[in-house]
């Protein structure tokens, strides 16, 4: 999970080499008050100020004003904030030396939690904001994009920095999952949920690094109203990311075994079988994406076992996922 947090945080530097960002004044301590007036993001312990302009889309855990102004909120349970933040700062500093520019980056106190915030330009017209905070038991990550405009900058900054975490809130993890999967006869169990993506391992085995050394699969859900979504293009981009990780040392050498795109009634499906090589270790990857009138299901399974004994199980699980 640690590498996943760092990866999310560093995505905002990908297009940050064209202009210098605006300097934002963040105090050393941001006091949090009026917790009872904040709204809870269902399925998490995260709370935030209510906004009339930013609409919440539960399937994406995203607050969006329009196509140019939005932010996503992610709760990562059992992720020690203090384990990841040194790596985050180190990697951001490294990328900054390579040409990535940040207008503001600061460690501070958000209520009782330690926090880190950064702003970076994205091209000529947009900026990005990253906020992460937590303690030894959890981490929260907020990633936002907004127009390079003083009014928009202040609005989204105030809203993002109003994010907080209330441990007293009772949650139901199923509120984050928009699908049903039958694992009654399987050894695989739900390990964690990141945003709306469920991660499954055998007996809830903890994943290390980027999960390459663990038999695992993930199931994600996307709404079916994404502008310009194309199933084949989306599938190809996922495969490209396996071979072109932001961390070069994490790249997996991929060899395609088979790819099949077809229709089942109203549903469009693409499934891909791949061999992978990572640090001279062989693995097998199964990617299954299904677009339906109710939404899009994405399944990715990694099998590192001898003779790939989990691979057929992955296929069966993927094909029987039901959208709620």
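Values quoted throughout were computed directly from the atomic coordinates according to the rules given, and no laboratory measurement underlies them. Fair warning: this is a prediction, and the values are worked out from it, not measured in the lab. Cβ sites come from the backbone with ideal geometry, for glycine too, and all protein chains shown count toward neighbours.
Remarks
- Helical mean residue ellipticity (222 nm; -39500 (n - 2.57) per DSSP H run of 4+; nearest 500) of the chain: -5500 deg cm²/dmol
- Between 0 and 90 degrees, the angle of helix 150-160 with respect to the longest Cα principal axis of the chain falls at about 70 degrees.
- Based on the reciprocal of the average 1/r between different C-alpha atoms, the Kirkwood radius for segment 102-144 equals 11.1 Å.
- Crossing angle, helix 81-97 versus the chain [Cα axis fit, 0-90 degrees, rounded to tens]: 80
- In nm, spacing of pseudo-spin labels at residue 170 and residue 57 (7 Å Cα→C-beta vector): 3.2
- Efficiency of FRET from Cβ geometry, residue 184 and residue 124, R₀ 56 Å, rounded to 0.05: 0.55
- The fewest-to-most ranking of 308, 262, 314, 54 by surrounding Cβ atoms within 10 Å reads 262, 308, 54, 314.
- The relative contact order of the chain, computed from alpha carbon pairs under 8 Å that lie at least 6 residues apart in sequence, is 16 percent.
- Residue separation of residue 275 and residue 229 scaled by 0.36 nm, minus their Cα-Cα distance, works out to 13.9 nm of gained length.
- Helix 231-243 axis versus longest C-alpha principal axis of the chain: approximately 80°, rounded to the nearest ten.
- Listed by Cβ neighbour count within 10 Å, with the fewest neighbours leading, 200, 213 appear as 213, 200.
- Cα gyration tensor, the chain - rounded (a/c under 1.5), prolate or oblate: prolate
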